[in-house]
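Okay, structure first, notes after.
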Amino acid sequence: MQARLYPSTVYLSAPGMIRLVQRKGLSACIAGVADRIEREFLRWNDFDKTARVASHSDVGVIELMPIADAEQFAFKYVNGHPANHLHGLPTVMAFGVLADVRTGAPRFLSELTLTTAIRTAAMSALAARELARPGSRSMALIGNGAQGEFQALAFRDLLGIRELRLFDTDLAASAKLAANLGGQGFQLRICASTAEAVRGADIVTTATADKTNATILTPDMVVPGMHINALGGDCPGKTELHRGVLERAAVFVEFEPQSRIEGEIQQMPADFAVTEFWEVLAGRRPGRVDASEVTVFDSVGFALEDFAALAFMRETAEALGLGEILDLMPETADPKNLFGVLRIASGSEAARDVMMAALH
């Protein structure tokens, strides 16, 4: 029987992803992922969607995020462990796969830790482009950890944000963020409190990591016309906004069944009104209706965003000649005879044993 050609799996490692972003440019990657997310959201009904599967512990969460259309299946493995920095590890670590629906063959395996930061920033800026007041130029960044620089650059490039007001309970995190953003076209100010940071800001981004029902932003801090980009509340028992903020705002989510469990709206009754963001992009529902409205993007991260990011990175890696081939599947001339690959190996080992015995 003639051996058939097995489909190859391209692997893009963390060093490979760093090379890709350096060669493509971070701004180009953020813009490209944002464009791809918009394109995929506009065909929302083509996808088989489900809330992610999560395994929670006292110290964090490990999640699987699957999604598929008629041609490709994708999943992301991701964790969220707020105390990981104490062990020299990132709070979030991730990898993902794109596979052919027709055969089930995995075709692209990639790191998604860096990519998740890029796609989260791209999604935030894409939502704000539809929901924030036109002409917004100032943003408060509450929580200045690993996501901060990506958020700042995405809002600079896609919305024109130029003034950043930074606050974190860890002053070193704010100093790190300010140092990394120096020379990037921002007016930077490190603030002593959340209230100081949000005062006068057009947009407020909350990106804290503690797994608690916190009230980072309270109603007295919110002014008419503000857009709130709420990122940190992304699992049961983890929120950032006082419920009074939600009560006075138009609230937009990614995938409502998941957001009801994980998002800021987990605090609210089941009939609390929200709009899925894809409906705004498709023109089915309004986004911001006037300059005085308060809008909230209650973002928890949804698998379709990772599908889009994986597709963009796969195409970019191919264009740049990056990635390596992995043998994830044992290749055999007869796919019904998987045991045969072991017999071949066993025979080789037996021949080697005979040879070694003869030498002795």
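Every number in this text was worked out from the coordinates using simple rules, so none of it is lab data. Predicted model, so just to flag it, every value in this text is computed and none were measured. So basically every Cβ, Gly included, is an ideal-geometry build from the backbone, and we count neighbours across all protein chains shown.
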Checklist outcome for this item: The size of the Cβ-based charge dipole (Lys, Arg +1; Asp, Glu -1) of segment 61-195 about the Cα centre, to the nearest 20 debye, is 400 debye
Checklist entry - If you count the DSSP beta bridges with both ends in the chain, what percent of them are antiparallel, to the nearest 5? => result 50 percent
Checklist entry - In a shell of Cβ-Cβ distance under 11 Å around Pro66, excluding Pro66 itself, what net charge do Lys and Arg (+1) and Asp and Glu (-1) give? => result 0
Checklist outcome for this item: For segment 132-301, the dipole about the Cα centre with charges only on Cβ (Lys and Arg +1, Asp and Glu -1), to the nearest 20 debye, works out at 440 debye
Next on the checklist: Using the Cα centre of segment 132-301 as origin and beta-carbon charges of +1 (Lys, Arg) and -1 (Asp, Glu), tell me which of Ala140, Thr205, Gly283 is placed farthest towards the positive end of the dipole.
Outcome noted: Ala140
Checklist entry - Under 5 Å between amide H atoms, partner at least 5 residues away or on a different chain: which partners does Val204 have, H built in plane at 1.01 Å? => result Ala140, His227, Ile228, Asn229
Next on the checklist: Can you give me the long-range amide H partners of Ile161? Hydrogens built in the peptide plane at 1.01 Å from N, cutoff under 5 Å, separation of 5 or more residues or another chain.
Outcome noted: Arg156
Item to check | DSSP bridge pairs, segment 132-301: antiparallel proportion in percent, nearest 5 | outcome: 5 percent
Checklist entry - Of the listed peptides 141-151, 212-222, what is their order by residue-averaged count of other C-beta atoms within 10 Å, with the highest listed first? => result 141-151, 212-222
Checklist entry - Taking the structure as given and computing Cα extents along the principal axes in Å, which label from [x] 85, 44, 40; [y] 90, 59, 38; [z] 57, 50, 43 fits? => result [x]
Checklist entry - Can you list the lysines whose alpha carbon is less than 29 Å from that of Lys49, not counting same-chain residues fewer than 8 positions off? => result Lys76, Lys211, Lys238
Checklist entry - In what sequence, highest mean first, do 242-249, 198-205 appear when ranked by Cβ atoms within 10 angstrom? => result 198-205, 242-249
Checklist entry - How do 24-37, 270-283, 88-101 rank on mean C-beta neighbours within 10 Å, highest first? => result 24-37, 88-101, 270-283
Next on the checklist: Quick check: the distance between the Cα centres of segment 121-183 and segment 294-320, to the nearest angstrom?
Outcome noted: 18 Å
Item to check | Lys/Arg +1, Asp/Glu -1 at C-beta; the chain dipole; positive extreme among Gly88, Leu158, Ser299 | outcome: Leu158
